[in-house]
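Chemist: Sending over a structure as structure tokens; questions will come in a sec.
The values are calculated or read from the model by the stated rules, or taken from the named source; none is laboratory data. Predicted model, so just to flag it, every value in this text is computed and none were measured. Using ideal geometry, Cβ is built from the backbone for each residue, glycine included, and neighbour counts are taken over all protein chains shown. The area values use the complete protein model at the heavy-atom level, side chains included, leaving out ligands, DNA and RNA. Shrake-Rupley method; radii C 1.70, N 1.55, O 1.52, S 1.80 Å.
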Amino acid sequence: MNQEKIPATVITGFLGAGKTTMIRNLLQNAGGKKIALIINEFGDLGVDGDVLKGCGAENCTEDDIIELTNGCICCTVADDFIPTMTKLLERDARPDHIVIETSGLALPQPLVAAFNWPDIRTHVTVDGVITVVDSAAVAAGRFADDHDAVEAARVEDDSLDHESPIEELFEDQLTCADLIVLNKTDLIDVDGLGRVRAEVASRTARKPTIIEAKNGDVPAAVLLGLGIGTEDDIVNRKSHHELEHEDGTPHDHDEFDSFVVELGPIADPAAFVDALKRVIAEHDVLRLKGFVDVPGKPMRLQLQAVGSRIDTYFDRAWTPGEARATRLVVIGLHEMDETIVRKAIEALV
């Protein structure tokens, strides 16, 4: 790898796997490296960027954090990512390292391929692709198939499609990885962790390194400095979409939709969370994240939901002049009825 090139680390992973928490830990323990951070949000509310801007890391100031909110980065490479990288490289003070957090719905392959763009390739190289996995979700069978049942169903109906778009996305993120982080291992037992390792390993023909983590706590020395040069190996990491188009077979993508719900203050956040779990379960909401205004509290309550599991904590104080409000991003498959889900959430207040 050309040592004069700026190394870039791509951090991907399914919805709610813990990417933002891991990056926050990374920024706070980067050992003096000046890091530029590019965040690809899904939805209009820059929750992840706001969380990271408040982490207080001297080596990554607010000016070093760039948010891309125009859709999944894999679909806006030419219009969004490449111009952003060009502007970043034009700065007088270049970063020591670039970290890119993709949306939980993004394919990493098109992003890595973009590093072969002439104006980028001569200045930046992909140090490595890191895929973060929600171990508790995998242990609960959210991505596991009953292979015998699937095979039996295939015999009965050759036209039946057993692959969900979520499973394909999960596998594509693993296929592109140089390092897989099994996060949230504190939420499962030893036997469960063994099953997760086996399940993750079975989802990709490549054999990237797999490590374990709790709360996204992985040393910067482990995440940075892999020196892979992944852009040179992208041909060996093709996504389902690329593989299916190789034989001319048309491939339909199930689309993901998102919208923002704005609410007033939440006097009883515990009751709100319990009620929100029911809404999520009834309407198949994939992911929900945002901030809550709790009356009488000087700090903002952050809310992160993955399926029916909801985590909350006070992340920072409301700043002077900042409008206090409750804002939530709701993410689901395109079949989700926004009007019904929105009314259901609004009815909780």
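Chemist: Identify, by number, the condition in (1) under 21 Å from Gly16 (Cβ atoms); (2) in contact with a Leu (Cβ under 7 Å, 6 or more places away or on another chain) that Thr209 doesn't meet.
Modeler: (1)
Chemist: Let me ask something additional. Output yes when any residue across the stretch 268-287 is more than 23 Å from Ala17 (Cα to Cα), small (Gly, Ala, Ser) and not in a helix (DSSP H, G or I), and no when none is.
Modeler: no
Chemist: Name every residue in the stretch 191-221 that is over 23 Å from Ala139 (Cβ atoms) and assigned to a helix (DSSP H, G or I), in order of residue number.
Modeler: Ala220, Ala221 - these are the residues of the stretch 191-221 that are over 23 Å from Ala139 (Cβ atoms) and assigned to a helix (DSSP H, G or I).
Chemist: So which residues in the stretch 205-238 are under 19 Å from Leu111 (Cα atoms), β-branched (Val, Ile, Thr) and open to solvent by less than 20 Å² (accessible area, probe 1.4 Å)?
Modeler: Correct list: Thr230 only.
Chemist: Another one. Kindly evaluate Ala344 against the criterion of being surrounded by fewer than 19 Cβ atoms within 10 Å (Cβ to Cβ) and at pLDDT 85 or above.
Modeler: Against the criterion (surrounded by fewer than 19 Cβ atoms within 10 Å (Cβ to Cβ) and at pLDDT 85 or above), Ala344 does not qualify.
Chemist: Sticking with this one: Filter the stretch 294-341 down to the residues that are under 22 Å from Asp284 (Cα atoms), at pLDDT 85 or above and among the hydroxyl-bearing types (Ser, Thr, Tyr) and list them by number.
Modeler: Thr312, Thr326, Thr339
Chemist: Report the residue count in the stretch 298-323 for those that are surrounded by 15 or more Cβ atoms within 10 Å (Cβ to Cβ), of a type in the set (D, E, K, R) and more than 22 Å from Arg142 (Cβ to Cβ).
Modeler: 3
Chemist: Kindly check whether there is at least one residue in the stretch 122-138 that is modelled with pLDDT under 90, open to solvent by 10 Å² or more (accessible area, probe 1.4 Å) and either under 22 Å from Leu286 (Cβ atoms) or not in a loop (DSSP other than H, G, I, E, B) (or both).
Modeler: no
Chemist: Which number in (1) over 29 Å from Asp186 (Cα atoms); (2) at pLDDT 85 or above marks the one condition that Ile100 misses?
Modeler: (1)
Chemist: Can you tell me which residue in the stretch 288-310 is farthest from Val329 (Cα to Cα), limited to those that are in a strand (DSSP E or B) and among the aliphatic types (A, V, I, L, M)?
Modeler: Step by step, filter the stretch 288-310, then rank; the result is Met299.
Chemist: If we scan the stretch 262-274, do we find a residue that is in contact with a strand residue (DSSP E or B) (Cβ under 9 Å, 6 or more places away or on another chain), open to solvent by 30 Å² or more (accessible area, probe 1.4 Å) and modelled with pLDDT under 90?
Modeler: Taking every residue of the stretch 262-274 in turn, none turns out to be in contact with a strand residue (DSSP E or B) (Cβ under 9 Å, 6 or more places away or on another chain), open to solvent by 30 Å² or more (accessible area, probe 1.4 Å) and modelled with pLDDT under 90.
Chemist: Let me ask something else. Can you tell me how many residues within the stretch 311-349 are free of Cβ contacts under 8 Å to residues at least 40 places away in the same chain and assigned to a strand (DSSP E or B)?
Modeler: Of the residues in that region, 4 qualify.
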